[in-house]
Amino acid sequence: MRPFEKYPVCGWDLVEKKVETLLRGGAHTAVLKVRAEVCLRCGGRLYSQEMVWRFEEIKAKLKRQETAEFKPMGLSFEMVQSGRL
Ligand SMILES: [Zn+2]
């Protein structure tokens, strides 16, 4: 079931796409490949309600360091602020 035919923010058509999304919980980040409705104009994304609940679950797990079901994929880095940037 598609709750929206158009992206409510700008009113353009949505297409279903597989997208990558980053979830953060505490110091951890997980990458998920999920289905989303993507706006053809601005790239805005809509996720299903189930997906949003799943995201919340995953973020809570990351926060609690329950990372057993996630596969490590290398380190992520944060750029240290430097005067040259
Ligand atoms: Zn849009």
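The values are calculated or read from the model by the stated rules, or taken from the named source; none is laboratory data. Treat the numbers as computed from the prediction; the structure is a model and nothing was measured. All accessible areas refer to the heavy atoms of the entire protein, side chains included, with ligands and DNA or RNA removed. Shrake-Rupley method; radii C 1.70, N 1.55, O 1.52, S 1.80 Å.
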Original post:
Per residue, how many Å² of accessible area does the chain show with a 1.4 Å probe?
Top reply: 85
Original post:
Counting only protein heavy atoms, what percent of the accessible surface of region 1-82 is carbon or sulfur at a 1.4 Å probe?
Top reply: 54
Original post:
Against the longest alpha carbon principal axis of the chain, how many degrees, from 0 to 90 and to the nearest 10, is the axis of helix 49-63 turned?
Top reply: 10
Original post:
Taking the inverse of the average 1/r across all pairs of different Cα atoms in the chain, what Kirkwood radius in Å do you get?
Top reply: 15.0
Subject >> 28 Å Cα-Cα threshold exceeded, pairs from Lys6/Lys71; Lys6/Lys63; Lys17/Lys71 >> reply: Lys6/Lys71; Lys6/Lys63
